[in-house]
Each structure stands twice: as structure tokens, then as C-alpha cells.
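Right, one structure below, let's go through it.
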Amino acid sequence: MRDHTVAVDSAQSPTALTFADNFNVAVPFIDRHIDEGRADKVAIRSVAGEVTYGTLAAQVNRCGNALAELGIGRGDRVLMMVKDCAEFFYVFWGAIKAGMVPVPINTLLRAHDYQYMIEDSGCTAVVYSPEFATEVQEAMASAAGSPVHGALIDALVERMGRASPELEPAPAKAEDDCFWLYSSGTTGRSKGAVHRHRDMVVTSQLYAVDTLGVREDDTCFSAAKLFFAYGLGNGMTFPLWAGATSVLHPGPPTPAATFEVIEAFRPTLFYGVPTLYAAQLQALETANPDLSSVRLCVSAGEALPADIYRRWKDRTGLDILDGIGSTEALHIFISNREGDIEPGTSGRVVPGYEARILDENGAEAAVGDSGQLLIRGDSTAGYYWNNPEKTNATMVEGWLKTGDTYILDADGYYHYCGRDDDMLKVGGIWCSPFEIEARIVEHPKVLEAAVVGREDDDQLTKPEAHVVLKDPEDASDDLARDIAEHCKAGLAKYKYPRWVNFVDGLPKTATGKIQRFKLRQG
Ligand code: 3UK
């Protein structure tokens with residue numbers, strides 16, 4: 001172990017991690033591989049070509065230097081609206097190595113979401129792929145506060161060509177702020193979860209290596225994008241930690257595209273979300289892609305129905321390991337494992353994490369009884385940026401409230417029972433019913449609306465809208481379609497209601513609050 005790095009003692013259970021006093025996490029994830037003789041090994045594969053660990057380390061340094069030349073200083077936030085490509089790695093690690101704070105952002109969002117994040121983060125720079133230029137530039141133009149430096153990724157890469165490939169890691173401590181990830185809230189205002197230098201080490205070792213079994217000879221392909229905590233681990237930190245190879249796909253993760261990537265790059269590990277596995281199963285009725293390189297699949301983001309697990313296993317012969325993670329925890333903390341799968345459950349606690357289920361009185365729920373899930377572990381975010389109320393409500397004495405209701409059974413498996421709030425997971429991505437309702441009522445024919453989650457034929461949740469029209473006579477299939485289109489035009493596309501029901505009125509409390517539970521099916 002050289003200075004700046006971390007000692008991994010796998011003889012202990014859970015694995016003990018000891019961090020050097022001066023610890024910049026870019027050193028063990030990027031520079032370590034040069035010392036360990038992996039300079040010529042391929043770190044990243046994609047249609048754009050291959051990047052070795054040697055090139056990666058040099059490009060990370062060039063990028064850190066190029067960002068500094070733009071006037072970005074230590075501690076400054078760099079928002080990233082970047083597609084899955086090698087440059088994502090350069091910006092993320094270059095910023096960290098130079099002491100800046102990268103903030104990967106969901107690239108499916110819209111200008112008003114970005115404007116909020118620019119203002120909330122007080123970022124000095126936004127780095128973006130050309131695909132997102134329209135929404136990002138609109139957001140930068142309307143954002144209040146000091147001007148933000150916008151850097152199109154191509155221009156940054158050009159600047160990197162002139163920058164030095166040497167960069168000393170900025171001094172840091174394992175507990176120092178390192179990067180943020182935004183997590184959606186019910187009111188549509190997202191919260192920046194502030195992660196530390198050590199957090200990616202903890203998830204990579206405890207979940208990826210010790211639980212999932214990621215190895216140096218693996219090739220990882222995550223259909224979930226790098227800007228999600230889930231994809232960030234799957235497609236970047238896990239392969240980098242293990243000295244493995246990552247396959248990146250810059251486009252939308254459709255069934256056809258993911259099959260093509262698997263056939264072309266032959267990954268051994270595949271990471272998806274339940275909605276994708278369901279769509280892939282449907283596509284497999286008429287397609288017969290060669291999936292033989294894959295040894296194991298992972299699912300997270302929302303509960304994987306037992307039926308999808310079984311159909312996937314029957315059709316492909318492959319296991320899917322369902323596990324629950326969160327942006328705040330950074331990655332999966334309860335999971336099924338190879339040889340220990342209980343379909344329809346989230347599995348058991350990942351060694352190194354602790355879980356508690358509390359009843360409505362705050363007492364430990366008995367085995368078999370449902371309650372609120374709290375977890376504790378060394379990868380959880382320290383706080384939400386600029387939001388002490390949410391921090392105090394969510395992070396209590398080292399425990400993280402997940403917002404999920406769970407049952408622990410007598411065999412140690414955790415059964416997901418739903419959310420404690422009204423938030424929906426659609427295709428593994430957060431979706432606030434309030435935000436969709438606010439958009440629907442902007443439609444000129446709508447008086448009011450309530451949105452709830454409804455299970456589709458695959459038992460996966462999608463938004464359903466109950467709409468009261470100003471004139472009930474206007475109700476028609478055409479208007480229902482028009483309302484869905486109106487949502488697609490103004491919101492991130494996955495948020496549109498899949499069903500629009502016209503109703504005479506909405507169930508409300510005496511104080512006028514919509515009683516969503518009365519609108520939910522079953
Ligand atoms: C829900 C699940 C049942 C649950 C994530 C893996 O999804 C991730 O992070 P988010 O912050 O959402 C967290 C919330 O999503 N959820 C996630 N996985 C499952 N519910 N079964 C599951 N397997 O409500 C949780 O609180 O978007 C997933 C790794 C990293 C992540 N950030």
C-alpha cells in the first residue's frame with residue numbers, strides 16, 4: 001500500500017477498510033492500476049473504441065488540469081449532464097483528483113429541473129454532452145445567481161489535448177465531501193446527497209466484491225446510466241475497483257440496443273431494472289440474441305416481481321439478483337446472492353451494513369411484521385446540501401431512513417411492501433405524483449388531477465391519472481391521449497400517465513387534501 005490509499009483486510013468479516021490520513025479516492029480507483037501493472041489493460045469498451053487504464057489515468061489528469069484552467073477551484077461544484085462515454089470517467093475523476101466536486105445529473109430531465117439544480121448547487125461549471133445542449137443552455141440562461149461556465153464536452157476534450165497528463169491529487173480525507181448525487185423529493189425539489197471520498201470504496205468492496213463477486217476478469221455492462229447511483233457503481237466504480245472492464249452504451253437502453261451491446265462486447269455481468277427485464281423478455285419472444293457471455297444479472301431501482309425473475313431464468317438460464325439500494329446509501333445494502341436467492345424479496349443485509357425495521361411507535365418490529373426500514377453503513381451520504389430539515393428528518397444518529405416499508409421474515413429475507421410517501425418508481429427512476437399533477441392542470445381543459453401508481457401486467461408501477469375536467473362533456477379517448485402528450489412535452493418523458501381516467505370528483509379530506517390511497521387499486 002502506498003501513501004494516499006486504502007488497506008483492504010478481507011480476512012476480516014465484513015472486510016475491514018483502513019484509509020490513509022491523506023486520501024484522495026481518485027488514487028486507488030485510477031492511479032493504483034498503473035502501479036499494479038494494468039496500464040495496458042482495457043478499462044472501457046464502447047463503439048467509440050477502447051481506453052486502457054494507462055490512457056484513462058492520463059486523461060483523468062488532463063481533464064483535472066483543463067477544468068482548473070477554466071477557473072474551477074477546489075470545492076467548486078461541476079454539474080455533469082454527460083451521456084455514458086469515456087469522457088464521463090475523465091470529468092468525474094479529473095474533478096475529484098483536482099479537489100472539485102462532480103455532480104452527475106439525470107440526463108432525461110428538462111430545462112426547469114436543470115435550472116433548479118444549477119441554482120441550488122451554486123455550481124461554477126456545467127459540463128454537457130451535445131445531445132443535452134438545448135435543455136442545458138436554456139437552464140443556464142434562466143438560472144439566477146453568478147454566471148456559470150458552460151463547457152460542451154467536445155470543447156473540454158480539445159482543451160485536454162493541450163493540458164498536462166500529470167496531476168498531483170488534491171489533499172483530502174476519507175471523510176471529506178467528494179461528489180454529490182441529486183435525489184428527487186415529493187414536491188419535485190430534489191436534494192443533493194453529499195457523498196464522501198470513502199463512500200465509493202465501501203460500496204465497491206462490501207457490495208460489489210464481497211456480495212456480488214465482481215472480479216478482475218469481469219466485463220460489466222449497466223443498462224442503467226452512470227448518472228444514477230446504481231449505474232455509477234455498476235458501470236464505473238465496481239469495474240474500476242476490481243481492475244475489470246466496463247462496457248458503455250451512450251444511447252437509450254432499449255431491449256434491441258442492450259442485446260446488440262451484449263453480443264458485440266460480451267459482458268459477463270449485466271445490470272438492469274425490472275422494467276427493462278420485462279421489455280427484454282417480450283423482445284425475446286421474437287429475437288434470439290447470443291447472451292452466452294453473461295454469467296449473472298442484477299436488478300435494482302424497484303422491486304423485481306418473482307414472475308419476471310422466473311421467466312428470465314427459464315428463457316435465458318440466468319439468475320437475476322434483486323437488491324435494494326438508494327442514492328443516499330450510494331448502492332445496494334440488502335441483496336440476494338448467487339446460490340441464495342429468494343424470488344420476490346430483496347434478499348438479506350449486505351455484510352457491513354445494518355438494517356432495522358421500526359413500527360409506528362418507533363420500536364423494533366417483530367419478525368413478520370411490517371415497518372419502516374432504516375439502514376446504517378459507511379457509504380451513506382453525510383447530509384443533503386442546503387437542506388438541514390431534510391437532513392435531520394432522514395439521517396438520524398447515523399441511521400438512514402429509506403422511506404420504504406419492509407417485512408423481515410424468519411429466514412432473514414427482506415420483503416418490500418411499498419413506500420411511506422407518495423413517490424413512485426417508474427422504470428427504476430423517481431417520479432413525483434405532485435409534479436405530474438401540476439403539469440396536467442396546466443392543460444386548458446383540466447380542473448384538477450390526482451396521480452397514483454398502478455401496476456401494469458408485469459406488476460411494475462406506472463403513473464395513472466384521475467382527471468376532473470372543467471366540462472365533463474369533453475371526456476374522450478382523444479383528450480386522454482392529448483393529456484398524456486401534454487405531459488410528455490413538459491416533463492421528463494418517462495413521467496407521463498399511462499392511464500388517464502376522467503372522474504367527476506376526487507376523494508378529499510375535510511381540509512381538502514387528496515386521499516390518494518382511495519384512488520390506488522387493490
Ligand atoms: C426503491 C427498491 C424495492 C426504494 C438505487 C441500487 O434505486 C436506487 O436509488 P434511488 O435513490 O431510489 C431508492 C428507492 O428505490 N428501490 C430501489 N431498489 C429497490 N425497492 N426493491 C428494490 N430492489 O424505494 C428505495 O428507497 O433512485 C438502487 C443502487 C443504487 C441506487 N441508488
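The values are calculated or read from the model by the stated rules, or taken from the named source; none is laboratory data. Keep in mind that what you see is a predicted model, and the values were worked out from it rather than measured. When we count neighbours, we look across all protein chains shown, and the Cβ atoms used for this are built from the backbone with ideal geometry, even at glycine.
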* Name the pairs: first residue in region 81-92 and at pLDDT 95 or above, second residue basic (K, R), Cβ to Cβ under 8 Å, at least 6 apart or on different chains? -> K83/K225; D84/K225; Y90/R62
* Asked: For region 290-303, how many residues are without any contact (Cβ under 8 Å) to a residue 40 or more places away in the chain and within 9 Å of the ligand (Cβ to nearest atom)?
  -> 1
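Being over 16 Å from A303 (Cα atoms) and either within 14 Å of the ligand (Cβ to nearest atom) or of a type in the set (F, W, Y) (or both) is the filter here; which residues of region 328-361 pass it? Reasoning before the result, please.
Here is the first cut: in region 328-361, the ones over 16 Å from A303 (Cα atoms) are 328-330, 338-340, 350-361.
Passing the criteria: E328, A329, L330, V350, Y353, A355, I357.
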* Exactly one condition in (1) of a type in the set (D, E, K, R); (2) closer than 15 Å to Y413 by Cα; (3) within 21 Å of the chain's Cα centre (by Cα) is not met by R356; state its number. => (3)
* Asked: Which of (1) out of contact with any Phe, Trp or Tyr (no Cβ under 6 Å at 6 or more places or on another chain); (2) under 26 Å from K225 (Cβ atoms) does A484 not meet, given it meets every other one?
  -> (1)
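Pick from T258, T275: which is under 21 Å from the mean Cα position of the chain (by Cα), β-branched (V, I, T), closer than 17 Å to D319 by Cα and part of a helix (DSSP H, G or I)?
T275
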* **Residues located in region 306-323, provided they are in contact (Cβ under 8 Å) with a residue 12 or more places away in the chain and more than 10 Å from the ligand (Cβ to nearest atom)** => A306, D307, I308, Y309, R310, R311, W312, R315, T316, L318, D319, I320
* Yes/no for D411 being away from the ligand (no atom under 16 Å from the Cβ) and not assigned by TED's automatic domain parsing to the domain that holds A306 -> no
* To do: Could you look through region 221-256, keep only residues that are among the small types (G, A, S) and more than 20 Å from R295 (Cβ to Cβ), and pick out the one that is surrounded by the most Cβ atoms within 10 Å (Cβ to Cβ)?
  => A229
* To do: Please find, within region 400-454, the residue that is surrounded by the most Cβ atoms within 10 Å (Cβ to Cβ) out of those that are outside any strand (DSSP E or B) and among the small types (G, A, S).
  => S432
* To do: Run V426 past the list (1) more than 15 Å from the ligand (Cβ to nearest atom); (2) under 18 Å from the mean Cα position of the chain (by Cα) and report the number of the one that doesn't hold.
  => (1)
* To do: Taking E260 as meeting all but one of (1) of a type in the set (D, E); (2) within 16 Å of the ligand (Cβ to nearest atom); (3) in contact with a His (Cβ under 9 Å, 6 or more places away or on another chain), write down the number of the exception.
  => (2)
